Amino acid sequence: MPSLKERFECILQDANGYMAYRNKVYSLECNWPKSRLKQIAYAIRLFKSNCNGFRDLTYYRLGTSRITRLLSILFKKTPNLVLDCGKIEKRGCMFHHAFSSYINAEQVGFGCSFRNNTTVGNKLVNGKLCRPVFKDHVFVGPNSVIIGDITIGEHSIIAPGSVVVKDVPPYAVVGGNPAKVIKVLPHNEAASSLG
């Protein structure tokens, strides 16, 4: 179990990842501040506005501590967003309009992005509940269902409304029910969520 200091350090790294993402998407040129006070101030701004689910990711990092309980009275979580993950890599993941989403993954890699109405869940395999593993920079479209002992490869894209029950190769675009590979992106075209 990480110490409170390690958790706060991770939250700052998540804020750094959010800045990199916003720079890329909005063509900004913000530099991550060198001053620890400015880093904390930026993280607080993200937390207050819950920009792309940053508040929910922060609550995940803090766990069920007294700090979380106190903060959640003042700053509500996103309605019906549940993060029940074994591990979310540092520099975080994004939750765009992520209401009504349940993310029950074994691991979520660096720079993943989840949209609203998404269900990630476990499946009983040989008497054991198994959850998906998301590699780095996976984009999950809205209304998607991803379940079972599967791996979603890095830089892959899950199209809106997909039902994914099998492994997804890296750089693949998948869609449908059940999801199938639509195309494989050249590495230089792959959409990465965070820098």
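What to note about this one:
- Entry note, the chain: relative contact order of 14 percent, from Cα contacts under 8 Å with a spacing of 6+ residues.
- Averaged over residues, the count of other Cβ atoms within 10 Å places the peptides 33-44, 3-14 in the sequence 3-14, 33-44, highest first.
- Rg ratio for region 1-50: its Cα radius of gyration over 2.2 N^0.38 Å, N being its residue count, equals 1.18.
- Distance between region 146-160 and region 41-88 - C-alpha centres, whole angstrom: 24
- Rounded to 5, percent antiparallel among DSSP beta bridges of the chain: 25
- By the rule of a second cysteine Cβ within less than 4.7 angstrom, the chain holds isolated cysteines at CYS10, CYS30, CYS51, CYS85, CYS130.
- Comparing CYS85, PHE8, ILE103 along the charge dipole axis of the chain, the residue lying farthest to the positive side is PHE8, per the Cβ-charge model.
- Length gained when the stretch ALA41-VAL184 is fully extended (0.36 nm per residue, less Cα-Cα span): 47.5 nm
- Residues whose amide H comes within less than 5 Å of that of VAL82, counting only those at least five positions distant or on another chain, are SER101, TYR102, ILE103 (H built at 1.01 Å from N in the peptide plane).
- Multiplying the residue separation of TRP32 and ILE73 by 0.36 nm and removing their Cα-Cα distance gives an extension gain of 11.8 nm.
- When all protein chains stay in place and ligands, DNA and RNA are ignored, the 1.4 Å accessible-area order of SER162, SER27, largest first, is SER27, SER162.
- Average accessible surface area per residue within region 64-195, 1.4 Å rolling probe, Å²: 51
- In this simple spin-label approximation, ASP84 and LYS123 carry label points 7 Å from Cα along the Cα→Cβ vector, and these lie 1.7 nm apart.
- Amide hydrogen neighbours beyond the local backbone of VAL145, cut-off 5 Å, H modeled: THR119, SER162, VAL163, VAL164
- Sites LYS5 and ASP167 - FRET efficiency at Förster radius 41 Å, r taken between beta-carbons, to 0.05: 0.65
- Taking 0.890 mPa s as the viscosity and 25 °C as the temperature, the Stokes-Einstein diffusion coefficient of the chain based on its alpha-carbon Kirkwood radius rounds to 144 µm²/s.
- Relative to the compact-globule estimate of 2.2 N^0.38 Å, the Cα radius of gyration of region 22-102 comes out at 1.15.
The values are calculated or read from the model by the stated rules, or taken from the named source; none is laboratory data. Because the structure is a prediction, the values reported are computed rather than measured. Here the Cβ is made from the backbone with ideal geometry for all residues, glycine too, and neighbour counts use every protein chain on show. Please note that ligands, DNA and RNA were not included when accessible areas were found on the heavy atoms of the full protein model with its side chains. Shrake-Rupley method; radii C 1.70, N 1.55, O 1.52, S 1.80 Å.
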